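Asks: Below you will find the structure I want to go over with you.
The values are calculated or read from the model by the stated rules, or taken from the named source; none is laboratory data. Small disclaimer: the values here were computed from a predicted structure and weren't measured. When we count neighbours, we look across all protein chains shown, and the Cβ atoms used for this are built from the backbone with ideal geometry, even at glycine.
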Amino acid sequence: MVVEEFGSEHWYPRFIKEPFRTIVRLAVGNIDYPPVVSQAVEKKLAAKQLLEEKETQREIAQRTMANEGSFLAEPSLDGRGNQG
């Protein structure tokens, strides 16, 4: 083929792919989504953050309960380290 003989082995990425990408990027530019879409994304993000916060609170509560349980299970010591 003529393209393969005279255009080198990388003719497609060099002369078609990259210029086409550039044109598409220039034509599209920044995308402004409709308010409904933006609001839905915001709500989803807020819900995800709330779930992560609740999960963190649950983990802290479990650790606290585990630490309190081990503290209560230990024998009480007086100020000199003797069991009281």
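Asks: Tell me the residue from 53, 18, 68, 42 that is more than 31 Å from the chain's Cα centre (by Cα), among the acidic types (Asp, Glu) and modelled with pLDDT of 70 or more, please.
Replies: 68
Asks: Name the residue that is modelled with the highest pLDDT, counting only residues in the stretch 24-39 that are assigned to a helix (DSSP H, G or I) and surrounded by 10 or more Cβ atoms within 10 Å (Cβ to Cβ).
Replies: By that ranking, first place goes to 39.
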